[in-house]
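Chemist: Here it is, the structure, as structure tokens.
The values are calculated or read from the model by the stated rules, or taken from the named source; none is laboratory data. As the structure is a computational prediction, the values presented were derived from the model and not from experiment. So basically every Cβ, Gly included, is an ideal-geometry build from the backbone, and we count neighbours across all protein chains shown. Ligands, DNA and RNA are excluded from the accessible area calculation, which covers all protein heavy atoms including side chains. Shrake-Rupley method; radii C 1.70, N 1.55, O 1.52, S 1.80 Å.
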There are 2 protein chains.
Amino acid sequence: VNTLIVYAHPEPTSFNGAMKDVAFNVLTQNGHQVRVSDLYAMDFNPVAGPRDVQRRVDTKRFDLLSERAEAFRQGTLADDIVAEQEKVLWADFLIFQFPMWWWSVPAILKGWFDRVLMSGFAYSDSEWYDTGKLKGKRAILSITTGAGRRRFAPQGLYGDMDERLYSLQHGTLRYTGLDVLPPMIAWAVEGADEATRAAFLDQYRERLHTIDSVPSIPFLGPADYDDRGRLKPGRAIVEL
Amino acid sequence: VNTLIVYAHPEPTSFNGAMKDVAFNVLTQNGHQVRVSDLYAMDFNPVAGPRDVQRRVDTKRFDLLSERAEAFRQGTLADDIVAEQEKVLWADFLIFQFPMWWWSVPAILKGWFDRVLMSGFAYSDSEWYDTGKLKGKRAILSITTGAGRRRFAPQGLYGDMDERLYSLQHGTLRYTGLDVLPPMIAWAVEGADEATRAAFLDQYRERLHTIDSVPSIPFLGPADYDDRGRLKPGRAIVEL
């Protein structure tokens, strides 16, 4: 199994760094090939825009979708996008390791989604969700939070964690065809003691040992909705 | 009324640019002072990290929260953060104008949230939601989407738009104390004809004329939850 870890934290000795190292070590020991996109170390540019293409079709008005589509066809996408897309194609399994900032990913990782998972590469008008271009590959979010688990209860202040992650897990990863595994969440690590942190690392190690047999989240897709966008009879959103 | 428009789109002649111009013109005509943070034109750095501070306390290990807190106390935050924070303090009303990418903001705007709305400036451990440091100010999301309204129905493929925006509207803006107005959404503008686009601009103009009297979204806050993170009896999440 080829694994790509997309890792977004500014400090190598952080708990996020430790989580990334655990994944690298366990998977390597279990015979995976592992590559890491260390976005901070790479000084990855997260800003989708004119720098996404080497040559512009229209030098006056910049239309992101059409310029990138043309550059994708011509092989003139920016080198940093191409390098990441090659890693994604190589990988069977993608791990996204990041601290939750404002209930989402750090901007440097948001930009990875904005730029790398572009139309034509990761999906098209007719290839999305079940038929997305990355179908057959698997992915997992591995997250650290500042807040504790209780805040994310279904009736909690921050709402249900599954809801907070829906735009990432369903709206982004699953959109491209990826099978999404239940997330690994290390809760409230900022103020946690060493024992708690060690327990999270142990829990992650254990999950990674059996990761190849973990079922993915049974998300619905476009085929479950009618032409007016409503759930078809008999299709129900599965509670996790 | 002092208004700050935080605008995130790479192309000035885009529909997002037109929405930004409408807001600038209407509010200026109505006697507002208006400033614009044009994040793309500013080449705003969205990556929270060591560049957030001018001097580091710990030059070996970078801890984002403590380094920024110390720099905030010492007045040694990065100039670009200070400039944005000054605009936020100046403003009574904040407009965020952006295209929805992956059911969220473009990375350049996510980084504005990550860096500008930092602990100590926008909130603290005891100042959040109703008591957040930006309380008394108002904010609105003005969004363009690629997908149509139906997809975002409560039972739609993308789920309810209120849910998709909860992390931004409640988890980010309201967290800092801002009163959040119902969002302006221009649906499916990518493929829309000129008449449809013009109608969205008209709708936005009309809303802006009466924006000072629009009630904010009645979000719940920490006082509505018990110590175990659960809703107190009699407190119910208000349907919009």
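One line per residue, one yes/no per condition, for (1) surrounded by 17 or more Cβ atoms within 10 Å (Cβ to Cβ); (2) at pLDDT below 95:
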site: B:E70; (1), (2): yes, no
site: B:A83; (1), (2): no, no
site: B:V88; (1), (2): yes, no
site: B:Q97; (1), (2): yes, no
site: B:R115; (1), (2): yes, no
site: B:G146; (1), (2): no, yes
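Chemist: Follow-up. Mind listing whichever residues of segment A:163-176 are assigned to a helix (DSSP H, G or I) and modelled with pLDDT of 90 or more?
Modeler: In the first step, residues of segment A:163-176 are kept if they are assigned to a helix (DSSP H, G or I); the result is A:163-164, A:166-176.
Within segment A:163-176, A:R164, A:Y166, A:S167, A:L168, A:Q169, A:H170, A:G171, A:T172, A:L173, A:R174, A:Y175, A:T176 qualify.
Chemist: Show the residue pairs that are 6+ apart or on different chains and have beta-carbon atoms under 9 Å apart, the first residue being within segment B:99-116 and closer than 15 Å to B:S37 by Cβ and within 7 Å of chain A (Cβ to nearest Cβ), the second being crowded, with 24+ Cβ neighbours inside 10 Å and at pLDDT below 95.
Modeler: none
Chemist: Does B:Q54 meet the test of being in contact with a Ser or Thr (Cβ under 6 Å, 6 or more places away or on another chain), within 18 Å of B:Q85 (Cα to Cα), surrounded by fewer than 20 Cβ atoms within 10 Å (Cβ to Cβ) and without any contact (Cβ under 8 Å) to a residue 60 or more places away in the chain? So that I can check it myself, show each step before the final result.
Modeler: On the way: in contact with a Ser or Thr (Cβ under 6 Å, 6 or more places away or on another chain): yes; within 18 Å of B:Q85 (Cα to Cα): yes; surrounded by fewer than 20 Cβ atoms within 10 Å (Cβ to Cβ): yes; without any contact (Cβ under 8 Å) to a residue 60 or more places away in the chain: yes.
Yes; evaluated as a whole, the condition is true for this residue.
Chemist: Restricting attention to segment B:196-240, and to residues there that are of a type in the set (G, A, S) and away from every other protein chain (no Cβ under 14 Å), which single residue is nearest to the chain's Cα centre (by Cα)? Outline the logic, then answer.
Modeler: Our first condition is that a residue be of a type in the set (G, A, S); within segment B:196-240, this holds for B:198-199, B:213, B:216, B:221, B:223, B:229, B:234, B:236.
Then keep just the ones that are away from every other protein chain (no Cβ under 14 Å); that gives B:198-199, B:213, B:216.
Working: B:A198: 24, B:A199: 24, B:S213: 19, B:S216: 14 Å.
Checked segment B:196-240; the qualifying residue nearest to the chain's Cα centre (by Cα) is B:S216.
Chemist: Looking at segment A:117-134, which of its residues are of a type in the set (D, E, K, R) and either within 11 Å of another protein chain (Cβ to nearest Cβ) or crowded, with 16+ Cβ neighbours inside 10 Å (or both)? Lay out the reasoning, then the answer.
Modeler: Just the residues of segment A:117-134 that are of a type in the set (D, E, K, R), to begin with: A:125, A:127, A:130, A:133.
Hits for segment A:117-134 are A:D125, A:E127, A:K133.
Chemist: Please list, ordered by first then second residue, the pairs with beta carbon atoms under 7 Å, 6 or more apart or interchain, first in segment B:71-90 and farther than 14 Å from B:A48 by Cβ, second open to solvent by less than 10 Å² (accessible area, probe 1.4 Å) and of a type in the set (G, A, S).
Modeler: Matching pairs, first to second residue: B:K87/B:S37.
Chemist: Looking at A:T172, A:T176, which is the one that is more than 8 Å from chain B (Cβ to nearest Cβ) and closer than 19 Å to A:D92 by Cα? Spell out how you get there, then give the answer.
Modeler: On the way: A:T172 fails: more than 8 Å from chain B (Cβ to nearest Cβ).
Among A:T172, A:T176, only A:T176 is more than 8 Å from chain B (Cβ to nearest Cβ) and closer than 19 Å to A:D92 by Cα.
Chemist: Here is a further query. Scan segment A:79-138 for residues that are in a strand (DSSP E or B) and either over 13 Å from the mean Cα position of the chain (by Cα) or not polar (S, T, N, Q) (or both) and jot them down. Working first, answer last.
Modeler: Let us first name the residues in segment A:79-138 that are in a strand (DSSP E or B), namely A:93-99, A:101, A:104, A:119, A:123-124, A:127, A:138.
Scanning segment A:79-138 gives A:F93, A:L94, A:I95, A:F96, A:F98, A:P99, A:W101, A:S119, A:Y123, A:S124, A:E127, A:R138.
Chemist: Could you list, in sequence order, all residues of segment A:149-166 that are touching a residue at least 40 places away in the same chain (Cβ under 8 Å) and either under 23 Å from A:K20 (Cα atoms) or more than 10 Å from every other protein chain (Cβ to nearest Cβ) (or both)? I'd like the intermediate steps shown before the answer.
Modeler: Applying the first criterion (touching a residue at least 40 places away in the same chain (Cβ under 8 Å)) to segment A:149-166 yields A:158, A:162, A:164.
If the condition is that a residue be touching a residue at least 40 places away in the same chain (Cβ under 8 Å) and either under 23 Å from A:K20 (Cα atoms) or more than 10 Å from every other protein chain (Cβ to nearest Cβ) (or both), then A:D162, A:R164 are the ones that fit.
Conditions (1) open to solvent by less than 10 Å² (accessible area, probe 1.4 Å); (2) in contact with a His (Cβ under 8 Å, 6 or more places away or on another chain); (3) within 28 Å of A:Q85 (Cβ to Cβ); (4) at pLDDT below 95, marked per residue:
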residue	(1), (2), (3), (4)
A:I140	yes, no, yes, no
A:L201	no, no, no, no
A:D212	no, no, yes, yes
A:S216	no, no, yes, no
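Chemist: Out of all the residues in segment A:203-222, which are among the aromatic types (F, W, Y) and either in contact with a Cys (Cβ under 8 Å, 6 or more places away or on another chain) or part of a loop (DSSP other than H, G, I, E, B) (or both)? Lay out the reasoning, then the answer.
Modeler: Our first condition is that a residue be among the aromatic types (F, W, Y); within segment A:203-222, this holds for A:204, A:219.
Listed by number, the list holds a single entry, A:F219.
Chemist: Given the residues B:T13, B:T28, which is the only one that is open to solvent by 80 Å² or more (accessible area, probe 1.4 Å) and without any contact (Cβ under 8 Å) to a residue 24 or more places away in the chain? Working first, answer last.
Modeler: Working: B:T28 fails: open to solvent by 80 Å² or more (accessible area, probe 1.4 Å).
B:T13 is the lone residue from the list that is open to solvent by 80 Å² or more (accessible area, probe 1.4 Å) and without any contact (Cβ under 8 Å) to a residue 24 or more places away in the chain.
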